[in-house]
1. Just one of the numbered conditions (1) within 20 Å of GLU69 (Cβ to Cβ); (2) in contact with a Lys or Arg (Cβ under 7 Å, 6 or more places away or on another chain); (3) of a type outside the set (Lys, Arg) is not true of ILE189; which one?
2. Which strands (runs of 3 or more DSSP E) sit wholly inside the stretch 85-187 and have at least 3 residues that are aliphatic (A, V, I, L, M), touching a Leu at 6+ places or on another chain (Cβ under 7 Å) and crowded, with 16+ Cβ neighbours inside 10 Å?
3. Could you grab me the full set of residues in the stretch 15-38 that are within 19 Å of the chain's Cα centre (by Cα) and either exposed (fewer than 13 other Cβ atoms within 10 Å of the Cβ) or not in a strand (DSSP E or B) (or both)?
4. Go through (1) in contact with a Cys (Cβ under 8 Å, 6 or more places away or on another chain); (2) not in a loop (DSSP other than H, G, I, E, B) and name the single condition TYR190 misses.
5. Hey, among GLY90, GLY82, which residue is in contact (Cβ under 8 Å) with a residue 60 or more places away in the chain and either within 18 Å of ILE123 (Cβ to Cβ) or touching a Cys at 6+ places or on another chain (Cβ under 9 Å) (or both)?
6. I'm told TYR11 meets every condition in (1) at pLDDT 90 or above; (2) within 21 Å of SER191 (Cα to Cα) except one. Can you identify the failing condition by its number?
Amino acid sequence: MRNYIDLTQYYPSQVTFGKFNLKTTPNKIKASNDIVNFYGVGDFNNEFPLQYNLQRNLSEHVMDNGPFELISNKHFIDNANGDVLIFGLGMGLIVYPLLLDENVTSITIVEIDQDIIDYIGGIVKENDVLNKVTIIQGDAMTYHEQMVGQVFDFIYFDYWDFLCDNAFNEMVMVKQFYSPNKKNPDSVIYSWCEDIRNLIP
């Protein structure tokens with residue numbers, strides 16, 4: 001079991017970089033009881049005193065580190081091992097818990113937005129004292145064409161701003177695209193929230 005890390009260790013209470021704005025708020029987006037019960041990992045409502053919200057163009061919600069995000073990504077941070085491939089960097093929420101863990105040998109992150117890579121990626125790399133992290137600019141829908149022969153123990157897709165039919169349909173597609181990149185039959189390929197489609201309004 002791994003613990004999330006308070007992002008106030010890494011980011012100021014408010015910062016703008018490129019077209020993104022990252023800021024703290026005491027108002028948390030709570031997870032529904034259905035989600036809490038499905039994952040069975042606690043509600044995380046009191047995990048951190050402040051919630052970070054990442055927005056694009058000052059209004060478009062990208063992600064946060066509120067209870068829903070913590071619950072729905074817990075399976076990944078608890079089970080990631082070996083050589084890990086992540087699609088979507090976001091705020092680095094799921095990356096920081098892995099940096100010092102000896103069971104994770106490498107972390108390759110594919111992120112589509114250069115602003116995220118430059119700011120968030122820069123801070124992740126500053127804290128990557130074991131030199132595990134490689135960050136690549138790329139689109140999950142096409143980057144598989146450049147990953148021929150590369151294999152991983154855990155492949156995780158976490159790049160959607162919100163959950164909708166299109167996102168769930170893409171989850172099926174990307175798992176097919178990257179299945180040749182599994183290191184062995186026991187390797188995991190998994191998408192954020194793929195198993196709760198019926199719980200999303």
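1. It fails just one condition, (1).
2. Values: elements: 104-111, 133-137, 154-157.
So the answer is 104-111.
3. Matches in the stretch 15-38: LYS28, ILE29, LYS30, ALA31, ILE35, VAL36.
4. (1)
5. Numbers: GLY82 fails: either within 18 Å of ILE123 (Cβ to Cβ) or touching a Cys at 6+ places or on another chain (Cβ under 9 Å) (or both).
The conditions single out GLY90.
6. (2)
The values are calculated or read from the model by the stated rules, or taken from the named source; none is laboratory data. Values in this document were obtained by computation on a predicted structure and should not be read as measured data. Positions of Cβ are generated from backbone atoms using ideal geometry, with glycine treated the same way; all protein chains shown enter the neighbour counts.
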